Amino acid sequence: MRPEDARDVDGRVTYEELVDAVPALYASLYGSAAAHARNGLNVVMDVYHHDNYSKPLDTLGIAKRELEGLPTLFVGVNAPLAVIWERRGQTWGQRRESVDDDVRRAVEMHDAAARSLTYDIELDTSVLSPDECVDRIARRLADGPGTIL
């Protein structure tokens with residue numbers, strides 16, 4: 001979901017209707033992960049959190065509520081904004097100066113949101129290889145659980 005106004009065209013759901021559904025969507029996502037974990041399964045999730053909606057939704061708070069009582073390791077994975085733009089250029093041919101405002105705003109909002117959260121471990125993929133990231137996560141897990149919610 002992008003925090004922008006949607007047009008009610010051809011009966012599509014409006015932006016406000018989507019925003020109103022976000023808390024239930026996050027609760028369902030994390031409730032499912034919690035159910036799997038409580039059944040003895042290890043769960044790895046790749047979820048992007050932000051609170052840039054038309055009203056505060058506290059999506060990370062919803063996640064923590066749903067995961068209460070479970071050992072949880074929050075891993076922040078990011079790179080400097082210049083590196084993200086370089087990668088978008090290599091992958092999709094997108095350059096900051098040539099993409100439309102919506103794409104530019106989404107990338108910049110993602111970067112700001114990612115840097116505003118607190119993690120148990122942070123990984124900068126501009127200096128760490130995928131294998132080094134895995135090794136750091138494995139070492140952190142060996143030290144015991146991260147956050148006990």
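By its C-alpha gyration tensor, with a ≥ b ≥ c as the square roots of the eigenvalues, how is region 38-85 shaped: rounded for a/c under 1.5, else prolate for a/b larger than b/c, else oblate?
Details: a/c = 3.31, a/b = 1.37, b/c = 2.42.
Since a/c reaches 1.5 but b/c is at least a/b, the shape of region 38-85 is classed as oblate.
Could you sort the peptides 122-131, 80-89 by per-residue average Cβ neighbour count (10 Å cutoff), highest mean leading? Spell out each step's value before the answer.
On the way: 122-131: 12.8, 80-89: 15.0.
Most protected by this proxy first, the peptides run 80-89, 122-131.
If you place +1 on the Cβ of every Lys and Arg and -1 on the Cβ of every Asp and Glu, how big does the dipole about the Cα centre of region 73-149 come out, in debye to the nearest 20?
Working: 10 positive and 14 negative charges, 9 e Å.
With only Lys, Arg, Asp and Glu charged at Cβ, the dipole is about 40 debye.
Could you tell me how far the Cα centroid of region 94-118 sits from the Cα centroid of region 122-142, in Å?
24 Å
Over the chain, what is the mean sequence separation of C-alpha contacts under 8 Å (at least six apart), divided by residue count, expressed as relative contact order in percent? Please list the in-between numbers first.
Numbers: 133 pairs, mean separation 41.6, N = 149.
Across the chain, relative contact order equals 28 percent.
As a test of the formula, what do you get for the chain when each DSSP H run with n ≥ 4 contributes -39,500 (n - 2.57) and the sum is divided by the residue count, at 222 nm and rounded to the nearest 500 deg cm²/dmol? Don't skip to the answer; put the middle values down first.
Values: 5 runs with 73 residues, N = 149.
Here the helix-only value at 222 nm equals -16000 deg cm²/dmol.
Could you tell me which of rounded, prolate or oblate describes region 73-149, using a ≥ b ≥ c as the square roots of the eigenvalues of the alpha-carbon gyration tensor, with rounded for a/c under 1.5 and, failing that, prolate when a/b is larger than b/c and oblate otherwise? Display every interim value, and only then the final one.
Values: a/c = 4.02, a/b = 1.92, b/c = 2.09.
Cα axes put region 73-149 in the oblate bin.
Taken together, the values in this text are just the output of simple stated rules run on the coordinates, not laboratory data. Keep in mind that this is a model prediction, so the values were computed, not measured. Cβ sites come from the backbone with ideal geometry, for glycine too, and all protein chains shown count toward neighbours.
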